[in-house]
Amino acid sequence: MKIELTVNGEKRTVQAEPLSRLLDILRDGLSLHGCKEGCGEGECGACSVIMNGQLVNACMVPAMQAAGADILTVEGLGTKESPDALQMAFIDEGAVHCGFCTPGMILAARDLLEKNPAPDRDDIRLALSGNLCRCTGYERIYAAVGKAVRDGYNARRSIAKADAQPVYEGDERDKYFSPKTLDEALAILGKYPDILILSGNTDIGTELKSGKRVPECALDIFSIPELKQIRRDGDVIRIGASVTNTQIMESGLIREKLPALHQASSMCAAPAIRNRATVGGNFCTASGAADLPGALFALGAEAVVQSASGRRTMTAPEFIKAYRKPNLEPGELLVELVVPIPPETARQQFYKRGSRAALTLSRVSLALYVEVENGVITTCRAAAGSMSPTPIRLPKLEATLTGRRLDAALVDEAVATVRAELSPRKSAQYRKALSGNLVRRFLEGVLEETGAAVS
């Protein structure tokens with residue numbers, strides 16, 4: 001396969017295997033060794049680069065998705081003889097440590113400053129949350145970014161725009177596909193029903209690296225326009241399957257109408273992963289540890305799947321049949337999630353607790369939704385993650401709350417109900433207790449907000 005891309009402002013043409021990694025193209029093909037391989041699973045940030053104006057982990061980007069991309073690596077910032085001001089800030093503050101993670105840290109900082117030239121300390125910490133430093137010297141790193149800000153660092157640059165497609169060669173033409181439209185993708189899927197479907201690649205990428213999955217062919221749907229949209233359609237919001245967590249976070253519509261989904265996306269992984277991970281991928285993984293399904297369960301979402309012969313719709317819980325088994329027939333593709341717009345009486349919340357503050361899998365996640373009229377809960381939906389192989393609804397908790405007047409006694413009853421209803425696989429006592437505490441926090445907050453209506 002041949003691809004053209006812009007690297008550090010220079011047009012480059014490279015030969016690569018379609019599923020080889022951008023990391024390998026940069027290091028082995030273009031001799032840009034500032035991009036490091038640490039974990040190879042998108043967790044350490046050592047391979048961070050800026051691709052099409054977004055921070056990404058180069059180990060998570062397959063070559064077939066890099067065609068036409070604009071890539072900035074640490075080599076594109078400055079040279080040994082003429083370093084960039086951001087690089088100098090790291091040197092001046094002694095933020096280089098052993099040096100292995102430094103290029104990724106600098107690119108993550110650069111990405112932040114391109115978007116926000118005046119970040120505060122919390123912004124800096126969040127931007128670097130996906131870049132691990134085993135030398136444990138984060139304070140100097142934060143100080144270096146702060147110094148660049150105080151010195152008036154200018155991170156503005158132009159991004160090369162291209163619509164280049166990978167040029168598949170030989171038998172690759174019958175194995176790898178990069179369609180531009182949904183109809184094209186569905187036609188290919190109909191012909192090759194067992195083809196590997198690539199979108200953000202943040203989950204599948206680890207399986208490709210480990211050799212757990214060795215596909216004979218692949219279909220890239222990440223950039224298909226019909227799958228990248230968030231839009232209001234009457235009284236529902238339609239979210240395309242290739243919409244990323246970052247798109248959800250940046251959507252004013254989602255923030256206003258579906259704050260629980262916004263919260264779930266914000267708590268998912270770190271910036272470089274959120275820039276790639278998609279809502280469709282999170283659903284099709286069908287794992288209890290996934291963050292977005294629980295929120296969408298509680299919000300009453302429906303999943304829409306499509307093949308070349310038509311569409312069908314099901315509830316979000318119906319789509320997840322079992323662990324790693326989405327409800328898809330051969331030739332079908334999850335194309336969108338459809339969420340009803342909640343009424344003004346609705347209250348919603350997503351909670352996640354893990355072993356650390358950032359870049360963590362949940363040990364407990366809860367999504368809670370109620371509609372309250374005149375102090376009575378008229379509708380309740382609740383879902384939990386990380387308690388079982390797949391996300392689950394909590395029907396006993398829902399039944400306990402629905403049709404009841406919200407008061408302190410009902411809050412206590414709901415806490416007892418959820419603790420009894422959950423059957424966590426591990427750390428049962430901890431997960432039950434924490435879940436009960438989170439239900440209490442949510443309901444007491446709702447009670448406080450709506451208390452004036454309670455007689």
Sorted largest first, extent of the chain alpha carbons per principal axis (Å)
73, 56, 41
Can you list the HN-Hα couplings for the stretch 211-216, worked out from phi with the Karplus curve (6.51, -1.76, 1.60; θ = phi - 60°), rounded to whole Hz and with x for Gly and Pro?
x, 4, 10, 10, x, 8
Is the shape of the stretch 74-145 rounded, prolate or oblate, going by the alpha carbon gyration tensor and its root eigenvalues a ≥ b ≥ c, with a/c under 1.5 for rounded and a/b larger than b/c for prolate?
oblate
Starting from the Cα gyration tensor of the stretch 292-407, take the square roots of the eigenvalues, sort them a ≥ b ≥ c, and report rounded, prolate or oblate (rounded when a/c is under 1.5, otherwise prolate if a/b is larger than b/c, else oblate).
oblate
How much space per residue, in cubic angstrom, does the convex hull of the C-alpha atoms of the stretch 2-133 take up?
104 Å³
GluC sites (Glu not before Pro) restricted to the stretch 1-106 and DSSP loop, no more than 10 other C-beta within 10 Å
81
Checked the stretch 237-297 with the C-alpha gyration tensor, a ≥ b ≥ c its square-rooted eigenvalues, rounded below a/c of 1.5, otherwise prolate if a/b is larger than b/c and oblate if not; verdict rounded
So for the stretch 73-214, considering every pair of alpha-carbon atoms, how many percent are separated by more than 23 Å?
53 percent
Normalised by the residues of the stretch 105-245, what does the relative contact order come to in percent, with Cα pairs under 8 Å and at least six apart?
18 percent
Normalised convex hull volume, the stretch 337-455, alpha-carbon set, Å³ per residue
115 Å³
With every protein chain present, what is the per residue accessible area of the stretch 1-74 (1.4 Å probe, Å²)?
32 Å²
Pair residue 181, residue 253: separation of 7 Å Cα→Cβ label points (nm)
2.2 nm
Size of charge dipole - the chain - debye, nearest 20, with Cβ of Lys, Arg +1 and Asp, Glu -1, no other charges:
1020 debye
Could you order 191, 2 so the one with the most accessible surface comes first? Probe is 1.4 Å.
191, 2
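If I compute solvent accessible area with a 1.4 Å probe over the protein chains, what percent of it on the chain is carbon and sulfur?
48 percent
Just want to confirm a number: the relative contact order over the chain, from Cα pairs under 8 angstrom separated by 6+ residues, in percent. Walk me through the numbers before you get to the answer.
Values: 964 pairs, mean separation 51.1, N = 455.
So the answer I get is 11 percent.
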Take the Cα atoms of the stretch 380-423, find their three principal axes, and give me the spread along each one in whole Å, biggest first.
33, 16, 11
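For each pair in 36/209; 161/212; 321/396, compute the distance between the two Cα atoms and list the pairs where it is over 25 Å.
Beyond 25 Å between Cα atoms: 161/212.
Of all the Cα-Cα pairs you can form in the stretch 140-248, what percent are over 17 Å apart?
70 percent
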For the chain, longest principal axis from Cα atoms; helix 102-115 axis from its Cα atoms; angle between them, nearest 10 degrees, is 70 degrees
D (µm²/s, integer) via Stokes-Einstein for the stretch 241-360, Kirkwood Rh across alpha-carbon pairs, 4 °C, 1.567 mPa s: value 88 µm²/s
I'd like the Karplus ³J(HN,Hα) series for the stretch 295-309: coefficients 6.51, -1.76, 1.60, θ = phi - 60°, whole numbers in Hz, and an x wherever there's a Gly or Pro.
4, 6, 4, 5, 7, x, 6, 10, 9, 10, 10, 9, 10, 5, 9
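Using the heavy atoms of the protein chains and a 1.4 angstrom probe, tell me the accessible area per residue for the stretch 306-455 in square angstrom.
Per-residue accessible area for the stretch 306-455 comes out at 47 Å².
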The ³J(HN,Hα) series, computed from each phi in the stretch 189-205 with the Karplus coefficients 6.51, -1.76 and 1.60 at θ = phi - 60°, rounded to the nearest Hz and given as x for glycine or proline, is 5, x, 7, 10, x, 9, 5, 6, 9, 9, 10, x, 6, 6, 9, 5, x
Need one value: the accessible area of residue 188 in square angstrom, 1.4 angstrom probe, rounded to the nearest 10.
30 Å²
For the stretch 55-94, what is the convex hull volume of the alpha-carbon atoms per residue, in Å³?
103 Å³
Once every DSSP H run of n ≥ 4 in the chain is given -39500 (n - 2.57) and the sum is divided by its residues, what mean residue ellipticity at 222 nm do you get, rounded to the nearest 500 deg cm²/dmol?
-9000 deg cm²/dmol
Report, in degrees rounded to the nearest 10, the 0 to 90 angle that the Cα long axis of helix 428-450 makes with the longest principal axis of the chain.
70 degrees
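The values are calculated or read from the model by the stated rules, or taken from the named source; none is laboratory data. All of these numbers come straight from a predicted model, not from anything done at the bench. Reconstructed Cβ throughout: ideal geometry from the backbone, glycine too, with neighbour counts over all protein chains shown. Remember, those area values only see protein heavy atoms, side chains included, never the ligands or the DNA or RNA. Shrake-Rupley method; radii C 1.70, N 1.55, O 1.52, S 1.80 Å.
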